[in-house]
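The values are calculated or read from the model by the stated rules, or taken from the named source; none is laboratory data. Being a predicted model, the structure only gives us computed values, none of them experimental. Cβ placement follows ideal geometry from the backbone for every residue including glycine, while neighbour counts extend to all protein chains displayed. Keep in mind that these areas ignore ligands, DNA and RNA; they rest on the heavy atoms of the full protein, side chains included. Shrake-Rupley method; radii C 1.70, N 1.55, O 1.52, S 1.80 Å.
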Amino acid sequence: MKRVLSVLTVILLFTSCAQKHFTFEYEGEPFVAPGASVASGCSVGILPEGAGHPGFRLVTSKKVLELVAKTRVQAKGVTNWEIHGYEPDVMLILGGTLSTVAGVVVTPALWVKRLFVGWGDPDSEDEVRQRLYDRHLRSWLFMGYVWAPVDYDVLARRQEIYETGNTLELPSPDGAEVMALDDQRRRVELLSYGDGLHRPVLTDALLESRALHVTAYCDGDSSSSSIDLLPWYRQKYGLSLEEAEAFNALEPGRRPYLLKFSPDLRSAFLALDEAGWKAFAARVPLEAVGDRGLVEAALGTGVDTDEKAVFSFEDDLPALLNASRRTSPDIETWLFAMGIEDYDQTSPITYSRRSAELFTQVAMKRLGVPAENVFLLTDDGETEIQGLKGRVFPATAASIKDQLRFLMRDVAEGDRIYVYYSGHGLPSLMDGGHSYLLARDQAPDFIHTAPHFRVDTFYQTLAKSRADEIVVFMDSCFTGVADGVSVFGNGRAATRLVPKTPTFDEDRMAVITAGTERQFSNAYPEKGHRLFSYFLMKELMKDHETLESLYDSLFKQTRRVSRSRGGTQVQEPTIRGNVQMKLPRL
């Protein structure tokens, strides 16, 4: 009897749960493909930053199609079973009876459930597994103590991606192009702080505007907004309500002056009439508003229309040079001086040429440079200095390269070269911030195409000479701004890229610059020179034994005067290289 029961059980199990091939398919959760392209455009909005800030936040989103993955599976059913059998006894008979009764009850219930639910398209493979379990439940209920969990083997699986027909809108902070203009319709450079936040770069040109006009473009949409800058001005510069109202009424050119003045001088400035304002602006350039003495003097004589008085300055250097002792000319000493004031394709550098010409005279008298060893390059290749016929050349790109070649040819072993430069310097965005000198006829936008004018290349060229010692005086900053005006013109703000520090032979060379890489090179309108050059020439007329000694005094004087002009005008000369080089002794 026991053997008969076992055989019947196995036959029944295999009959009800035999391996069968079947196919089913199901859909996954909806998704968006990575890097999905825009389906039907995007939307963009501009929100002012508020809280006294001049920035704004772009709120952009793109519309993409929703996708779903449909999976089709071919499988065969597998029944992993084992029978917990017992000797024929009361328990086995009772268990079989109960299972039979349960099967009779459950089977109709399963059929009723199937009528209302059916197979349909299951949502997942877990659903399929549960359906198979339900389907075979009645089979093993008839078999007494039979454990028959249902599983299946996958024979083939295929997945296809379908569009659901729905469109999803996803945030896209960097999905729009943005442009900002000031009141004069000049392009304003923006800095991005991430998450859609942008702020304008603070320039003197921007201070002429009451509002920042922003337009954002996105595929299929655009948005425009005007950001009121006056709350920012009031907070940053401490404007009173009356001064803020006056700011609105001022012509654009006067607005930066008002903002940069000390509060106690603003009322006198606002009281200037048209003629007084013109005379004041001619006497006090914007970068000099931090010089309180100059401003007070100009405000006191602001209505003076005598042009000579307005543009006059007190240059004491020629008298000091005349009174200084002459160093004997040394045929082993050379000077390569460049002073470029009026550029063909960008703004001028006030007093650059004047400082270069006087520096040449200082070098001839105090550094022992003979006239025949001078290379002087000016805007037009002319000078009023006596005795330099045939030694003055135009400061064009071609001329500078040619005269530098002549210098390299003529210098001999044991010689010393002095190099002086006053003109525009700028970092290039195209090659990672390398610093460049700018010839009179060069365009700032394409300076990266002129490798000879890259500062480190210029230094390397000098180092290839046969000279034993090379001293460079560099009166130029490399921020892209000079005298408060962007080198790039057209109202464009200068780059905030920090220029790379050029390398050179620090054993044979020493380089003294007008300031750090983040500082501006200032004019000194009271003296009619560049600020750094004025004190450099003044110190060269004193008895300094080494370059280090000269630099210490130069640093203190330049920093002292520049600090009196305000925080943004601070100028701190730097020195690198062989600082122990000896200066000529009388």
From the phi of every residue in the range 193-198, what ³J(HN,Hα) in whole Hz does the Karplus formula 6.51 cos²θ - 1.76 cosθ + 1.60 yield, where θ is phi - 60° and glycine or proline is x?
10, x, 6, x, 7, 10
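Sorting check: for 521-533, 383-395, 316-328, 61-73, which peptide has the highest mean count of neighbouring beta carbons within 10 Å, and how do the rest follow? Walk me through the numbers before you get to the answer.
Values: 521-533: 25.1, 383-395: 15.5, 316-328: 12.4, 61-73: 17.1.
The densest-packed peptide leads the list: 521-533, 61-73, 383-395, 316-328.
What length, rounded to one decimal in nm, is gained on full extension from residue 549 through to residue 23, with 0.36 nm per residue of separation minus their alpha-carbon distance? Don't jump to the answer; show the numbers that get you there.
Working: separation 526, 0.36 × 526 = 189.36 nm, distance 9.24 nm.
Difference between extended and current length: 180.1 nm.
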Alpha carbon centroid spacing (whole Å) that separates the range 227-274 from the range 536-571
33 Å
Total charge dipole magnitude, the range 424-475, about the Cα centre, Cβ charges on Lys, Arg, Asp, Glu only, Debye to nearest 20:
140 debye
Under a crude label model (7 Å from the Cα following the beta-carbon direction), how far is residue 409 from residue 230 in nanometres?
6.6 nm
Among 365-372, 508-515, 246-253, 574-581, what's the highest-first ranking by average C-beta atoms within 10 angstrom per residue?
508-515, 365-372, 574-581, 246-253
With every protein chain present, what accessible area does residue 409 have (1.4 Å probe, heavy atoms only), rounded to the nearest 10 Å²?
150 Å²
The set of residues whose placed amide H lies less than 5 Å from the amide H of residue 45, leaving out same-chain residues fewer than 5 positions away, is 59, 60
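Taking R0 as 41 Å, what FRET efficiency do you get between residue 330 and residue 449 from their Cβ-Cβ distance, rounded to the nearest 0.05? Let's see the in-between values first.
On the way: r = 39 Å, r/R0 = 0.94.
Calculated transfer efficiency: 0.60.
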Around residue 344: net Lys/Arg minus Asp/Glu count, Cβ-Cβ under 15 Å
-4
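By how many nm would the segment from residue 501 to residue 193 lengthen if fully extended, with 0.36 nm per residue of separation less the alpha-carbon distance? Numbers along the way, then the final one.
Working: separation 308, 0.36 × 308 = 110.88 nm, distance 2.59 nm.
Length difference between fully extended and current span is 108.3 nm.
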Points 7 angstrom from Cα along the Cβ direction at residue 213 and residue 431: gap in nanometres?
3.8 nm
How charged is the neighbourhood of residue 441? Take every other residue with its Cβ under 13 Å from the Cβ of residue 441, and add Lys/Arg as +1 and Asp/Glu as -1.
-2
